[in-house]
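FYI, it's all coordinate maths here, none of it is from the lab. Since this is a predicted model, take the numbers as computed values, not measurements. As a convention, Cβ positions derive from the backbone with ideal geometry for all residues, glycine included, and neighbour counts pool all protein chains shown.
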Amino acid sequence: PMRAPILQLSGLRVSYGQINAVKGIDLAIEPGELVSLIGANGAGKTTTLNAIAGVLPIAGGELSYAGEHIETLPAHLRLRRGLALVPEGRGIFTRLTVEENLQMGAYTRHDKAGVEADMQRIFELLPRVKERLFQVAGTLSGGEQQMLAIGRALLSRPRLLLLDEPSMGLAPLFVEKIFEVVQSIVKEGVAVLLVEQNANLALQFAQRACVMEGGLITLRGTGQELLHDPKVRSAYLGE
Ligand code: ATP
């Protein structure tokens, strides 16, 4: 039987003034599922993630999370309920230390012991972050900063993690590492909505995937189906 979705979008629309960036999309994500969203620059992927996280208002449609309507719920309350965004460009505090950045991720929580336990779990998942704990975050490499951004999001104990272009600008070794981390997170039961330019990896590991074009979802299927789709191969896999 189908589980109740953790996230459900119906006819979601998002605009910047007169510009309709997202023109009515439907999407459901189940608990513990990895769903990838691919598409060209300007297709509306980042706008979609930002609207789900509540950093952008929606222009229409419905948005439910864990069975409740959240269309007008402020971003910080979505985060408190376990809906976390790792934004494009990572949004880490470059002048703070790695440790201070991680603590910011737990600011909504009051269970000190739980936070400490999660911190240890995150160090196992992201040993590089632990090694750099007392370093100023701005001095980390791009890949290390991405790991830190993911670790910080995990400290909010998300049930749904929105990842915007985590592999952007990273060396191939780090890209692989990021995808390993994403898979471990999914294995622990966290649902992930992943926006990625690296369509090959994004489709390889996704249970389901969608292609966005011009503010609409124009193609959907399992990750494997899209990976072998001729249109996807020619448009997004450079073939
Ligand atoms: P990218 O990979 O470049 O981030 P994307 O698929 O995430 O692409 P969006 O960034 O969501 O696309 O952009 C969707 C559309 O909205 C584009 O036409 C873009 O020009 C427009 N847009 C995005 N941000 C703004 C903004 N702040 N003001 C006005 N228009 C915007």
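Highest GNM mean-square fluctuation among G54, G67, G82, for the chain modelled with Cα contacts below 10 Å: G67. Each residue of segment 39-56 was assigned a 3J(HN,Hα) from its phi angle through the Karplus expression (A = 6.51, B = -1.76, C = 1.60, θ = phi - 60°), giving x, 5, 4, x, 6, x, 5, 5, 4, 4, 4, 5, 5, 5, 6, x, 7, 10 Hz with x at Gly and Pro.
For segment 145-239, the relative contact order comes to 21 percent (Cα pairs under 8 Å, sequence separation of at least 6).
The separation of segment 164-179 from segment 69-146, counted between C-alpha centres, amounts to 18 Å.
Rounded to the nearest 10 degrees, the angle from helix 112-125 to the longest Cα principal axis of the chain is 70 degrees.
Comparing V129, V195, V115 in a Gaussian network model of the chain (Cα springs below 10 Å), the most mobile by mean-square fluctuation is V115. Taking GluC sites (Glu not before Pro) across segment 64-120, none is in a DSSP loop with at most 10 further Cβ atoms lying within 10 angstrom of its Cβ. Taking the chain as a Gaussian network of alpha-carbon nodes connected by springs under 10 Å, the highest mean-square fluctuation of the residues I19, I185, I150 belongs to I19. Amide H contacts of E71: L63, each under 5 Å away and 5 or more positions distant or on a separate chain (H built 1.01 Å from N in the peptide plane; Pro and chain starts excluded). Legend: distances between Cα atoms for K45/K187; K45/K112; K45/K177; K23/K177; K187/K231; pairs beyond 28 Å are K45/K112; K23/K177; K187/K231.
Computed from the Cβ-Cβ distance with R0 of 30 Å, the FRET efficiency linking Q224 to A66 stands at 0.60. Here is how the number arises for the chain: DSSP H runs of 4 or more residues each give -39500 (n - 2.57), the sum is divided by the residue count, and the result at 222 nm is -10500 deg cm²/dmol. Extension gain, E99-F134: 0.36 nm per intervening residue step, less the Cα-Cα distance, totals 12.0 nm.
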